[in-house]
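Below is one structure, written out as structure tokens; the observations come after it.
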Amino acid sequence: MEKNIKLSYIVSPNDFLSAGAVSEDVKAHLEEMEIDSEIIRKATLAIYESELNMIIHANGGIIDIEITPDSLNVEAADNGPGIPDIEQAMEPGFTTLKPNSDMKAKGIGKGRGLSNIRKCTDFFDIETELGCGTTIRFGIDLK
């Protein structure tokens, strides 16, 4: 690959039928580039978690992705309520879903999203503003 690939996706709130579409599309691009399968696994997991957070918690949003020969860079900006305590939200198992919610009953919202994203990426940054939303930026070295 000689040039950068720029991709942009709109993620709709509560659209569980489309969950995974962004990560699957990016996976196809990375497979075409013959990227190592473990790197692809980490990239698709991080992107999928970003999608799910937007679908479940954040009234949707936009995921912008740039793939270069050396890296995958993602910016996921949502329309959600913001995160009151980022440190707490980063803890594995923390979720804002009520224990008796329909999503919890379906096995969704186990509180691993943000911690999984951070664990799978080489660069991770999060910005949030209450009432305005959250932007997550992360990168993965493709070499």
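The values are calculated or read from the model by the stated rules, or taken from the named source; none is laboratory data. Keep in mind that what you see is a predicted model, and the values were worked out from it rather than measured. We place every Cβ from the backbone using ideal geometry, glycine too, and count neighbours over all the protein chains shown. Note: accessible area is taken over every heavy atom of the protein model, side chains too, but ligands, DNA and RNA are not part of it. Shrake-Rupley method; radii C 1.70, N 1.55, O 1.52, S 1.80 Å.
Assorted remarks:
- The length gained on full extension between Glu38 and Cys132, counted as 0.36 nm times the residue separation minus their Cα-Cα distance, comes to 30.4 nm.
- Linear extension gain, Ser8 paired with Asp25, 0.36 nm per residue minus alpha-carbon span: 5.0 nm
- Proximal aspartates and glutamates to Lys3, defined as alpha-carbon separation beneath 13 angstrom and excluding residues fewer than eight positions away on the same chain: Glu66, Asp70
- The stretch 13-53: relative contact order as a whole-number percent, Cα under 8 Å and 6+ apart: 53 percent
- For the stretch 5-141, the number of Lys pairs with C-alpha atoms closer than 17 Å, counting only pairs eight or more positions apart or on separate chains, is 6.
- In this simple spin-label approximation, Leu17 and Asp70 carry label points 7 Å from Cα along the Cα→Cβ vector, and these lie 4.3 nm apart.
- Carbon + sulfur, % of accessible area of the stretch 5-141 - ligands and nucleic acids excluded, 1.4 Å: 48 percent
- Sequence of Tyr48, Tyr9 when ordered by accessible area, the most exposed leading, probe 1.4 angstrom: Tyr48, Tyr9
- Counting only protein chain heavy atoms and rolling a 1.4 Å probe, the accessible areas of Ser115, Ser8 rank, largest first, as Ser8, Ser115.
- Accessible area of the stretch 5-141 divided out per residue, in Å², using a probe of 1.4 angstrom: 54 Å²
- Heavy-atom accessible area order for Ile140, Ile5, largest first, 1.4 Å probe: Ile5, Ile140
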